[in-house]
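Enquirer: Dropping a structure here in structure tokens format, bear with me for questions.
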Amino acid sequence: MGLDEILTASVFASAIRLATPYIFAALGETFAQRSGVLNLGVDGMMLMGAFTGFYAVHLAQQGETLSEPASLLLGVAVALVVGALMGLAMAFVSVTLKAKQGISGIGVYLFGLGLSELLFQQWVGTPKSVNGFPRIEFPLLTDLPIVGEIFFHHNLLVYVAFALVPISAYVLNSTTFGLMIRAVGQNPEAADAMGVSVARVRYATTTIGGMLAGLAGASLSIALINLFQQNLTAGQGFIAVALVYFGGWRPWTVAAGAMLFSFVNALQLQIKVIGADIPSEFAVMAPYVITIIALVFATKRHEQPTALTKPYERGE
Amino acid sequence: MNKASGNSQLALAGRLNRLIDFAPVLIALLLALLVASVLLLALNANPLEAYDFMLKGAVGSENATAETLVKATPILFVGIGITIAFRGGMINIGGEGQMIVGALAGVTIALVMGEMRIPPELAKERGAFDVFIVACSLVGGFLAGALYGGLAGFLKAYFDVNEILSTIMLNQIAVQMMNFLLNGILLDPAEAGFNNIPKTARLVTAAQLPRLSLPIGDPHLFDRTRLHWGLIIAIALAVVIYIFLWRTSWGYRIRAVGENQRASSYAGINVRRQMMFSMFLAGGFAGLAGVVQVLGLQYRLQTDGSPAGFTGAAGFNGIVAALFGGLNPLGAIPAAAFFGGLLVGAQKMQRELGVPASLITAVNGLIVVFVVSSEIFIIQRSKRRVSLQETPEGLDEAEETG
Amino acid sequence: MKKILAIGVLFVFVAAGLVSLAQEDVFRIAALMPSATNDLAFSQSMYDALAAIQEELGEEAFEFTVQDSTYIVDDAAVALRDWAASGEFQLVIAHGSQYGPIVEELAAEFTDVSFAWGTRQDTFGMDNVYSYAAASDEGGYFNGVLAAHLTETGVVGLVGPIEVGDGKLYADGFANGVASVDEEIAVNIVFIGSFSDVPLATEAAETHLANGADILTGTAQMVVGPIAVAVANDVLWFGSDASQDELSEDIGVAFQIYKWEVLLLDMISNIKEGLLGGEYYKLTLENGGLVMEYDKDFEISDELMAIADETIAGIVSGDIVPIPDMMEEDSGE
């Protein structure tokens, strides 16, 4: 089999779709970690966002109370709100109550995993599909050879995810809010002395992280897969946390990590579909192996936020 | 007030204080159960009945208690390892993968050595040889897990690859490796065929970790249960690691690096080596958890394709147990037992009341969040206590409030 | 607080007493399942079967209890022992081949309790263990034949979990079924390495479509993703284990349904006569344990229906052997 059979345009398009939930969730986690909060509960927040977003769309479309676009926007709004609430809860636990972040995150994950499944069983029953975000047909662009297939045939949330990359980078690097986030994560004492409320900033970033995690879940349940099933995310939230480390807490490289991971995953699916004779286990492990190897050889000039996982205690 | 009686009063107050320290934890637990009650009521289940079943399922009978301890054993092993890693400033999310790798190595050694024939003239040494097989398997499992954990430490120390990232990735790699090997060279010869189950052959009795019963009562306590020697090994190692961390210079160096890398470096400690070493030990303990599950309980390694199918998520629960245990190996013992009871009891509740398994998962999450959040109240109390105990007047006050 | 607890405990005792009184003529089954009872796949097939039996025998004559989502193999040991030791259940079902070693151990200890486990042909030589399996290769072959006639692109795609057990049987049967019609048709098979990873299964289905497939099939609970892909892209879907009729809207063609009640009813009557085990059951098209169900929304041409009937008749009569190599192996056991 030739390289042209393996590296098709569809593989790149597939990688872009696969990367979407990771980009949402990892960008959100980047905000939280940049301010010093390690949120290991991302996967639970994604699941809650995925379920509630799906359920809102399901109800609206079933009752035909809303037009399809309106029902989808409602789904996004619900996922954002639920994600924000879970983010607030995480902030309350780790900022106000100063609980150990690694452990409270696992608790939040378990809670989200269990509750999303419970509500699904009670309110929906068996998997049902909704009419999710349709793929957008751009005039002219979609019909372009190769480029059209790779870039101009996705649903709205895919573009939103990628648009958030420069926006996040701008917010973090070039705004006062971004400066406050970095200050709080790097040197909370100094930030505090300068009159920045460490707690308020961390509440804000963790809530943003929760909202984006909720949106990540919704991108699966109402845009890419268009249904919900128990544990729909299958651990993607944990991979998203790993990708934040991969990207050295910078939005562009975090997104690059998500793309690399997703590209290898798309590639291994393609290689199996066209019938390469390699054990499927090795194909499945490829994205994980290559992500580690890539990081080994990458040059790293980043610095971990010094206050990461450390609750802030005002010195007396 | 003379000095002696002051001391004894201090000791009494200290003990009282430590008891009261548990109060916030208990209140947090009750609050979590209260929230869970709302969910139970929504599902038309009687919460009191539910918690009664939970308690019965955890400690209501000899067998239930044994199962709680069985469940706690791998959590404790992992928890000890996580404690070392955390003390060394490393966050090890890779317990699942390290358990799997440890189990793979251990079961391979046990299978191969179990098949060995010893010369007839040494037949009376059979018992010693059996112990040797088990010991080799345990050591092999430890080393394999240690190398797998150590790999993450190595990548961190020399290539600046964050250990959270590498251990999350290594978990997935380990499970695929297990699926590959159990469906390949380690496949039970009796399973060769079209719809084989990916699992190894059953270990011969000689290669098994014996079941454990205590010489209390007749029949002996825990006779005819699945409790095995893994528990004793885990508890013994918890003590060993406690001594290691706080009474040896090696342990001191690990903790020094965890406290402050830069200062340790100035003090002449090889920080990179300590990072690798603490991850090596953490992985080793997770590896032991894995091999003990096979040798003591399942007598073979099999996979359903997911990591948790084999590990029971002990690699994650061990993190929680380590932190609940105050990052002290001895504290991890009751913490692991508590989680074992919680998990086993919750399943009983599910069976008896027919409530969905997902509710149990959610409640476990609630308990973790509530209990970990209660710690602040303990810390505040102990801070106040330190300042109070400096003055005799403070002591009186402490007694009154206690 | 204490009072409420006491009343609660009293309530439990009274309830337990009532149950034991009523128990005389009631047949009670406890069943353990690896995934959720609403997974549209393996676990749901057993749950549906138990519910069907209850429907048939009536609630006063038949009761069942389940513990689902028990993917942690070791947890199965606790549940199965609890049920066996309680003495309340005439039959304890371990619905998952991974539970086998546990059943083997418990059956030796609780010799007066009847166990059933599957899917596997192995009663461990014990007379209180039934084992069961499904000839999922038969439904796979049948679906393959139909898929071969319906494909226009000459490419069909399959998404499987891990390359073992029933999933592999179905895949092999499916590939052989397609090949029996036309060897030129490409059957692309992807095992994604997980039973539950819906996002990856979804993208595997997309990859199939990108490589020209106009028909999709697959097994295990993560196929809800591929079904949604089939619906969105208007390509045909063939299913297995339980009916996915509702989810697959108008693109479903046929589903292989496991009717476990066929063998369970036989076990129940055996147990009532005092025969606690020692037998092996296999769901087949012949014994009615496997049923091919056509999607209500899909119209099959008369011509194709004739081919479908012919295929079923061929498998039932033994003229068609879905996986020839396995036949030899089966007779060897």
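The values are calculated or read from the model by the stated rules, or taken from the named source; none is laboratory data. Note that the coordinates shown come from a computational prediction; the quantities given were computed from them, not determined experimentally. Please note: Cβ atoms are built from the backbone with ideal geometry, for glycine as well, and neighbour counts cover all protein chains shown. Heavy atoms of the whole protein, side chains included, go into the accessibility calculation; ligands, DNA and RNA do not. Shrake-Rupley method; radii C 1.70, N 1.55, O 1.52, S 1.80 Å.
Enquirer: Hey, rough spin-label estimate for B:L55 and B:H220, points 7 angstrom out along Cα→Cβ, what's it come to in nanometres?
Expert: It works out to 3.1 nm between the two label points.
Enquirer: Further, regarding this structure: Please go through region B:259-320 and write out the chymotrypsin sites (Phe, Trp or Tyr not before Pro) that DSSP classes as loop and that have at most 11 other C-beta atoms within 10 Å.
Expert: Details: sites: B:Y266, B:F277, B:F280, B:F285, B:Y299, B:F310, B:F316; in loops: B:Y299.
Of the chymotrypsin sites (Phe, Trp or Tyr not before Pro), not one in the loops of region B:259-320 has a Cβ with at most 11 other Cβ atoms within 10 Å.
Enquirer: When the helices in chain A are scored as -39500 (n - 2.57) per DSSP H run of 4 or longer and the sum is shared across all residues, what 222 nm value do you end up with, to the nearest 500 deg cm²/dmol?
Expert: -22000 deg cm²/dmol
Enquirer: Okay, next question. Considering only DSSP states other than H, G, I, E and B, which chymotrypsin sites (Phe, Trp or Tyr not before Pro) in region C:209-279 qualify as loop sites with at most 10 other Cβ atoms within 10 Å?
Expert: On the way: sites: C:W237, C:F238, C:F255, C:Y258, C:W260; in loops: none.
Within region C:209-279, no chymotrypsin sites (Phe, Trp or Tyr not before Pro) qualify (loop, at most 10 other Cβ atoms within 10 Å).
Enquirer: Tally up the carbon and sulfur contribution to the accessible surface of the protein assembly as shown as a whole percent, 1.4 Å probe, everything protein left in place.
Expert: The nonpolar share, carbon plus sulfur, comes to 61 percent.
Enquirer: Could I ask something else about it? Excluding ligands, DNA and RNA, what is the solvent-accessible area per residue of chain B at a probe of 1.4 Å, expressed in Å²?
Expert: Heavy-atom SASA per residue in chain B reads 41 Å².
Enquirer: A follow-up question, please. Contour minus end-to-end for B:E62 and B:T248, with contour as 0.36 nm per residue of separation and end-to-end as the Cα-Cα distance? Please list the in-between numbers first.
Expert: Working: separation 186, 0.36 × 186 = 66.96 nm, distance 3.89 nm.
My answer for the length gained is 63.1 nm.
Enquirer: Related question: Just the ratio, please: alpha-carbon radius of gyration of chain A over 2.2 N^0.38 Å, N its number of residues.
Expert: 1.02
Enquirer: Using mean Cβ contacts within 10 Å as the protection proxy, how do B:50-57, A:192-199, C:39-46 order, highest first? List each step's numbers first, then the result.
Expert: Values: B:50-57: 21.5, A:192-199: 14.4, C:39-46: 25.5.
My ranking of the peptides, most packed first, is C:39-46, B:50-57, A:192-199.
Enquirer: Please sort A:25-37, A:75-87 by packing, taking for each peptide the average over its residues of neighbouring beta carbons within 10 angstrom, highest first. Don't skip to the end; give the middle numbers.
Expert: On the way: A:25-37: 30.4, A:75-87: 24.3.
Highest-to-lowest ranking by the protection proxy: A:25-37, A:75-87.
Enquirer: Then there is this: Rounded to the nearest 5, what is the percent of antiparallel bridges among the DSSP beta bridges in the protein assembly as shown?
Expert: Given both bridge residues lie in the protein assembly as shown, the antiparallel proportion sits at roughly 20 percent.
Enquirer: Under 5 Å between amide H atoms, partner at least 5 residues away or on a different chain: which partners does C:W117 have, H built in plane at 1.01 Å?
Expert: C:A94, C:Y130, C:S131, C:Y132
Enquirer: For C:213-224, what's the mean count of beta carbons from other chains sitting within 10 Å of each residue's beta carbon?
Expert: Details: counts 1, 0, 0, 0, 0, 0, 0, 1, 4, 4, 1, 9.
If you average over the peptide's residues, the count of other-chain Cβ atoms is 2.
Enquirer: Given a 1.4 Å probe and no ligands, DNA or RNA in the count, how much accessible surface is buried by A and C, both sides, to the nearest 100 Å²?
Expert: Protein heavy atoms only, the A-C interface buries about 2500 Å².
Enquirer: A follow-up question, please. By average Cβ neighbour count within 10 Å, what is the ranking of C:108-117, C:152-161 from highest down?
Expert: Ranked by mean Cβ neighbours within 10 Å, highest first: C:152-161, C:108-117.
Enquirer: Across the residues of A:111-123, average count of Cβ atoms on other protein chains within 10 Å?
Expert: Per residue, the number of nearby Cβ atoms from other chains is 6 on average.
Enquirer: Which longest run of chain B has no exposed loop site in it, a site being GluC sites (Glu not before Pro) in a DSSP loop with at most 13 other beta carbons within 10 Å, and the site itself not part of the run?
Expert: Between exposed loop sites, the widest span is B:116-389.
Enquirer: Let me ask another. If amide H atoms are built 1.01 Å from N in the plane of the peptide, which residues on other chains or at least 5 residues away come under 5 Å of the amide H of A:F133?
Expert: A:A223
Enquirer: Let me ask another. Obtain the nm distance between the two label points defined at B:I232 and A:F138 by a simple spin-label model: each point lies 7 Å from its Cα along the Cα-to-C-beta direction.
Expert: Using points 7 Å along Cα→Cβ, the separation is 7.0 nm.
Enquirer: Now a separate question. Out of residues 5 or more away from C:T65 or on other chains, whose amide H comes under 5 Å of its own, with H placed 1.01 Å from N in the peptide plane?
Expert: Amide H neighbours of C:T65, under 5 Å, 5+ apart: C:I29, C:A30, C:A31.
Enquirer: Calculate the FRET efficiency for A:T96 and C:S86 from the Cβ-Cβ distance with a Förster distance of 60 Å, rounded to the nearest 0.05.
Expert: Result of the calculation: an efficiency of 0.85.
Enquirer: Would you calculate the separation in nanometres between label points at C:M305 and A:V147, each defined as 7 Å from the Cα along the Cα-to-beta-carbon direction?
Expert: So the label points at C:M305 and A:V147 sit 5.2 nm apart.
Enquirer: To continue, here is another question. Percent of Cα-Cα pairs more than 18 Å apart in region C:97-218, please.
Expert: 59 percent
Enquirer: Counting partner chain Cβ atoms within 10 Å of every residue's Cβ in A:41-47, what's the average?
Expert: Shielding by partners across A:41-47 averages 1.
Enquirer: Also: Would you mind giving the total buried accessible surface between chains A and B, with a 1.4 Å probe and ligands, DNA and RNA left out, rounded to the nearest 100 Å²?
Expert: Details: alone 14740 and 20140 Å², together 31100 Å².
By this definition, chains A and B bury close to 3800 Å².
Enquirer: If you don't mind, there's one more thing I want to ask. With a 1.4 Å probe and all protein chains left in place, how much accessible area per residue does chain A have, in Å²?
Expert: Result: 37 Å² per residue.
Enquirer: Please report the equivalent ellipsoid semi-axes of the protein assembly as shown, computed as sqrt(5 x eigenvalue) of the Cα gyration tensor, largest first, in whole Å.
Expert: Equivalent-ellipsoid dimensions as semi-axes: 45, 37, 29 Å.
Enquirer: For C:S180 and A:Q122, FRET efficiency with R0 = 51 Å and r from the beta-carbon atoms, rounded to 0.05? Could the numbers behind the result be given before it?
Expert: Numbers: r = 45 Å, r/R0 = 0.89.
That gives a FRET efficiency of 0.70.
Enquirer: A further question on this structure: Can you figure out the FRET efficiency of A:L66 with C:V26, using R₀ = 41 Å and their beta-carbon distance, to the nearest 0.05?
Expert: Using R0 = 41 Å, I get an efficiency of 0.25.
Enquirer: Can you give me the Kirkwood hydrodynamic radius for chain C, using every pair of distinct Cα atoms, in Å to one decimal? Walk me through the intermediate numbers first.
Expert: Working: mean 1/r = 0.0476 Å⁻¹.
Here the Kirkwood hydrodynamic radius works out to 21.0 Å.
Enquirer: So, with +1 on the Cβ of K and R and -1 on the Cβ of D and E, and no other charges, what is the size of the charge dipole of the protein assembly as shown about its Cα centre, to the nearest 20 debye?
Expert: For this selection, approximately 7160 debye.
Enquirer: From the mean inverse distance of alpha carbon pairs (Kirkwood) and the Cα radius of gyration, derive Rg over Rh for region B:67-354.
Expert: Numbers: Rg = 19.4 Å, Rh = 19.4 Å.
Using Cα coordinates only, the ratio equals 1.00.
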